[in-house]
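The structure appears below as structure tokens.
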Amino acid sequence: MNKVYKIIRVVTVPPIMASALFIILGAYNALGLVDTLLGIFFLGILPILSYPLQPFIPHYKDKGREGQRNLAIIFSVAGYILGCVLALIFNAPLNTVVFIYLDYLMSGVLIAIFNKLFHLKASGHACGIVGPIAMLIYWGLYIPAAVGAVLTVFVFISSIKMKRHTFLQLLGGSAITISALLLLSLFF
């Protein structure tokens, strides 16, 4: 059963869920092809590139799993910032594309604050799956959001069974991304 839990967690890592969000929005014609592909690159592919590149980056190559995790965070934040800056420079739609990048950036900052400053260990994994679902609900795409909600239950169960997070840590990560979305929705 541990293999099933691990597969669930791997398949639902935040970059894959971010890519799924952009693919769904593209499929529903809420985003154009270029915005969809750039979103997949900045929020999906760029963070995942940190794993195969780790052995070639001197400071991280001998740091094992912790080095991978830290490098993935750096690549993720770089993707959030680059995506956001380019979206603003090229006048991407504010209420979808810029909104998504800002939500990811704000969620990442809030996770860092809560985890590094307050040592709460809010789950980035929960943040990365609940955020896209909350955005789908925000835009009225309830069927894919419902599928994501069911998937979230399996992620929570897997995370708890594998002792990666407690239920409160999972709720914390979920609350952070929902808070970011609610704050941004006040301005968009």
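Name the residue, out of 133, 176, that is surrounded by 14 or more Cβ atoms within 10 Å (Cβ to Cβ), at pLDDT 95 or above and more than 19 Å from residue 10 (Cα to Cα).
176
For residue 124, are the conditions met, namely being within 17 Å of residue 188 (Cα to Cα), buried (at least 21 other Cβ atoms within 10 Å of the Cβ) and touching a residue at least 40 places away in the same chain (Cβ under 8 Å)?
For residue 124, the condition - within 17 Å of residue 188 (Cα to Cα), buried (at least 21 other Cβ atoms within 10 Å of the Cβ) and touching a residue at least 40 places away in the same chain (Cβ under 8 Å) - is not met.
Within region 114-121, is there a residue that is open to solvent by less than 10 Å² (accessible area, probe 1.4 Å) and out of contact with any strand residue (DSSP E or B) (no Cβ under 9 Å at 6 or more places or on another chain)?
So far as region 114-121 goes, no, none of its residues is open to solvent by less than 10 Å² (accessible area, probe 1.4 Å) and out of contact with any strand residue (DSSP E or B) (no Cβ under 9 Å at 6 or more places or on another chain).
So, in region 151-169, exactly how many residues are in a helix (DSSP H, G or I) and either open to solvent by 40 Å² or more (accessible area, probe 1.4 Å) or under 17 Å from residue 133 (Cβ atoms) (or both)?
The total comes to 13.
Restricting attention to region 179-188, and to residues there that are over 15 Å from the mean Cα position of the chain (by Cα) and not small (Gly, Ala, Ser), which single residue is surrounded by the most Cβ atoms within 10 Å (Cβ to Cβ)?
Per the criteria, the residue is 184.
Looking at (1) within 24 Å of residue 65 (Cα to Cα); (2) outside any helix (DSSP H, G or I), can you tell me which one residue 140 breaks?
(1)
Can we say residue 2 is among the polar types (S, T, N, Q) and free of Cβ contacts under 8 Å to residues at least 12 places away in the same chain?
So residue 2 does not fit the description; no.
Show the residue pairs that are 6+ apart or on different chains and have beta-carbon atoms under 6 Å apart, the first residue being within region 177-188 and closer than 13 Å to residue 98 by Cβ and in a helix (DSSP H, G or I), the second being among the polar types (S, T, N, Q) and open to solvent by less than 10 Å² (accessible area, probe 1.4 Å).
So the pair list comes out empty.
The values are calculated or read from the model by the stated rules, or taken from the named source; none is laboratory data. No experiment lies behind these values; they were computed from the predicted model shown. Cβ sites come from the backbone with ideal geometry, for glycine too, and all protein chains shown count toward neighbours. Only protein heavy atoms, including side chains, enter the accessible area calculation; ligands, DNA and RNA are left aside. Shrake-Rupley method; radii C 1.70, N 1.55, O 1.52, S 1.80 Å.
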